[in-house]
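These notes concern the structure reproduced below.
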Amino acid sequence: MIQFRYLFFAAIIALGALPTTLSAQAAVKPANLWKTLAKITYRKEYDEMMGLKVDVPVFSQEVQDLDGKEVEVKGFIIPIEGYKSHNDFILSAYPYSMCFFCGGAGPETVMQVTAKEAIKYTTDAITIKGILKLNNTDINQLMYAITEVELVKE
């Protein structure tokens, strides 16, 4: 009888740990995803189309481990066309005036976004979640993309 009680309590404890295990499969939330994404180096590689050597990102193992995973990230909308609601836009770690395209940061501070539903433009930071994709082969695309995006909060 005593052994049964121990097994019963052990089962309850194990089941209590189950939601924690299942929620670990939810969005990966590093303390600061942008800092993690900055853990890259570059190598020079000749690009036939460009006719010159280009910098190709080399992702750290920590970054590679996020490829294909659902992540949550906070950033600023950099609109591609106009200031309206967007399904496709750039998310920047920094406000518009400091983003990569304005010369204030590196290419690791921006990502292409493809949202499930249009997200209204705002100058305030937003938090989104989606599937992170790494790119080190197509120089015409950003090195980070996030797809199947949902707005978490504005």
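Derivation of every value follows stated rules applied to the coordinates shown; laboratory data play no part. Quantities reported herein were computed from a predicted structural model and do not represent experimental measurements. All Cβ positions, glycine included, derive from the backbone under ideal geometry; neighbour counts span all protein chains shown.
Describe numerically, in nm with one decimal, the distance between label points set 7 Å from Cα along Cα→Cβ at residue 88 and at residue 52.
Each label point is offset 7 Å from its Cα along the Cβ direction, giving 2.7 nm.
Once you have the Cα-Cα distance between residue 120 and residue 60, take 0.36 nm times their residue separation minus that, and quote the gain in nm to one decimal. Spell out each step's value before the answer.
Numbers: separation 60, 0.36 × 60 = 21.60 nm, distance 3.32 nm.
Here the answer is 18.3 nm.
Tally Lys and Arg at +1 and Asp and Glu at -1 over the other residues with C-beta under 15 Å from the C-beta of residue 44: what net charge comes out?
Values: positive: 43, 53; negative: 45, 47, 48, 55.
Here the charged neighbours net out to -2.
Taking the Cα centre of the stretch 32-154 as origin and charging only Cβ (+1 Lys, Arg; -1 Asp, Glu), how large is the dipole, in debye to the nearest 20?
On the way: 13 positive and 18 negative charges, 58 e Å.
Value, rounded to 20: 280 debye.
Lys and Arg at +1, Asp and Glu at -1: add these up for the other residues within a Cβ distance under 9 Å of residue 144 and post the number.
Spelling it out: positives minus negatives among the neighbours equals 0.
Rounded to whole Hz and in sequence order, give me ³J(HN,Hα) for the stretch 115-122 from the Karplus expression 6.51 cos²θ - 1.76 cosθ + 1.60, θ = phi - 60°, writing x for Gly and Pro.
Using θ = phi - 60°, the values come out as 8, 5, 10, 4, 10, 5, 5, 8 Hz.
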